[in-house]
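What follows is calculated from the coordinates using simple rules that are stated; it is not laboratory data. Please read all numbers here as calculations on a predicted model, not as lab measurements. Methodologically, a virtual Cβ is constructed for each residue, glycine included, from the backbone with ideal geometry; neighbour enumeration extends over all protein chains shown.
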There are 2 protein chains.
Amino acid sequence: MKKGAETRTRILDVAEAAVLQKGFGGTSIEELIAETGITKSGFFYHFRDKNELAKALLNRYIENDERIYDEIFSRARELTDDPLQSFLLGLKLLSELLADLPNGHPGCLVATVCYYERIFDREIQETNRNAVLAWRRRFGQMFAEIMAVYTPREPLEVDQLADMVSTVLEGGIVLSKALKEPNSLAEQILVLRSFVKLLFQPQAGATYRQ
Amino acid sequence: MKKGAETRTRILDVAEAAVLQKGFGGTSIEELIAETGITKSGFFYHFRDKNELAKALLNRYIENDERIYDEIFSRARELTDDPLQSFLLGLKLLSELLADLPNGHPGCLVATVCYYERIFDREIQETNRNAVLAWRRRFGQMFAEIMAVYTPREPLEVDQLADMVSTVLEGGIVLSKALKEPNSLAEQILVLRSFVKLLFQPQAGATYRQ
DNA sequence: CTGAAAACTGTACCGGCGGTACAGGAGGGA
DNA sequence: TCCCTCCTGTACCGCCGGTACAGTTTTCAG
């Protein structure tokens, strides 16, 4: 019971790092078992095939991702009651967290999957889609709360604003990786933060908080 | 001479579509030669190995990409002398062009490569990096011209603003693909457009163009 | 028209990889 | 003790990337 779960986790750890660097197609099972120190039979005892490995990998990644966002934005929520200030603070915390990653963001599995879609079955694609929809709900909720208090200076829809957060995250990761500039991602989030700040800034004449 | 280039192009066409759907690792040479109606020997006559195919694919993709941006933003430039209005118009045109793609954006090879990096040699990674740097120069130039006329309401750097355009494009493509909502990409570009408009909007009290 | 180069085809082969099949063993809990 | 979980070992299959190389057709310049 205990032992099996531990081995499974070790396989997933090795697989996640490999897949984010080389994609699913570029990651061989043989290389995974070599690094984990397990036999081929042992691997196939835990995962029926590569598709099941991908499924487990993606689910674990998404859960962890959600946990991180929960932590960051609930921490931000504790520090201020104002929904806008709390959201801006959350983006700041997120940016700092990403800036502190020594080798930059390792990559997003959701992006990996959607650039490899045709290989996997419907279930994985559906899981991937739901992950993005969950982000939309999460950030959409925040923007809805903000709009209950502040009037946006441009007529933008809640869902599209929410998607913008995911967009900047995914796009920032791609840029960071392609440029080999780990900082780009954190910077792009701060640019988004400035945009959001601007969008809900009270019209001139009124005072507004920094 | 002529015939060879034609076959080469046909291979690249088939390969590009396949790679954007399945990644490099998920695309087999055998499948490419089957669809192109060529033999294996014929394929290896044109490309020494998969790495060379990737190189050719990426270079062609980047060239085409640059051509499209040249067209769109020079067309926008012809319609107005104001650098801000011209940029906003360019984003609008780009958004419309992407919205008109019947099956949505097929995906960006630059993103594919950076999620598959460790497999390829330094040259490809360098090409990829230079492509993103070229985007930075292109959009940076535009923002520099805008800033010569307009004062941004938030202190943002030209390079980071320029990267934001690439970020939204790459991120929007990922979201569109993951959500299977072709429209998302075009919408995200319009959200960016609103942000840029807001950033350079004259302070309230003065009149500003719609 | 000719001849040489370009653009292929055909065949045979290699090693790595994903995957299957199945037998067997170690270790621990009921 | 017995069974269940968690593996190991061995043997094998077919696909794929890649090599090697000989031979054939197509093209086009002189």
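Against the main long axis of the alpha-carbon atoms of chain A, helix A:2-22 sits at an angle near 70°. The charge dipole of the protein assembly as shown, taken about its Cα centre with unit charges on the Cβ of Lys, Arg, Asp and Glu (plus for the first two, minus for the last two), comes to roughly 380 debye. Spherically averaged projected area of the convex hull of Cα atoms, the protein assembly as shown: 23.2 nm². Measuring r between the beta carbons of B:GLN141 and A:ASN51 and using R0 = 35 Å, the FRET efficiency lands at 0.15.
If I fit a long axis through the Cα atoms of helix B:122-147 and take the longest principal axis of the Cα atoms of chain B, what angle between them do I get, 0 to 90°, rounded to 10? Taking the Cα atoms of chain B, the angle to B:122-147 is about 20 degrees. Projecting the Cα atoms of A:GLY171, A:LEU192, A:ILE68 onto the dipole axis of chain A, where Lys and Arg carry +1 and Asp and Glu carry -1 at the beta carbon, places A:ILE68 farthest toward the positive end. Among B:GLU78, B:GLU187, B:GLU157, the largest mean-square fluctuation in a Gaussian network model of chain B (Cα springs under 10 Å) belongs to B:GLU78. In the elastic network of chain B, a GNM with C-alpha springs shorter than 10 Å, the most mobile of B:ALA111, B:ALA148, B:ALA186 is B:ALA148. Of all lysines in the structure, those lying under 26 Å Cα to Cα from B:LYS180, and not within fewer than 8 positions of it along the same chain, are A:LYS22, A:LYS50, A:LYS55, A:LYS177, B:LYS22, B:LYS92. Based on the Stokes-Einstein relation at 4 °C and a viscosity of 1.567 mPa s, and on the Kirkwood radius from alpha carbon pairs, segment A:1-47 is assigned a translational diffusion coefficient of 121 µm²/s. Charge tally around A:CYS108: other residues with Cβ under 12 Å, Lys/Arg +1 each, Asp/Glu -1 each, net -3. Note on chain A: with a GNM built from Cα contacts shorter than 10 Å, the maximum mean-square fluctuation among A:ASP65, A:ASP163, A:ASP49 falls on A:ASP49.
Computed over segment B:1-130, relative contact order equals 26 percent, with contacts defined as Cα pairs under 8 Å that lie 6+ residues apart. Rounded to the nearest 20 debye, the dipole magnitude of segment B:1-47 is 200 debye, with +1 charges on Lys and Arg beta carbons, -1 on Asp and Glu beta carbons, and the Cα centre as origin.
With N counted as the residues of segment B:131-210, its alpha-carbon radius of gyration over 2.2 N^0.38 Å works out to 1.23. Each Cα pair under 8 Å and six or more residues apart adds its separation to the average, and for segment A:41-199 the resulting relative contact order is 27 percent.
With all pairs of separate Cα atoms included, segment A:50-199 yields a Kirkwood hydrodynamic radius of 16.2 Å. Quote the FRET efficiency, to the nearest 0.05, computed for B:ALA99 versus A:SER41 with a Förster distance R0 of 45 Å and r equal to the Cβ-Cβ distance. Between B:ALA99 and A:SER41 the formula returns 0.30.
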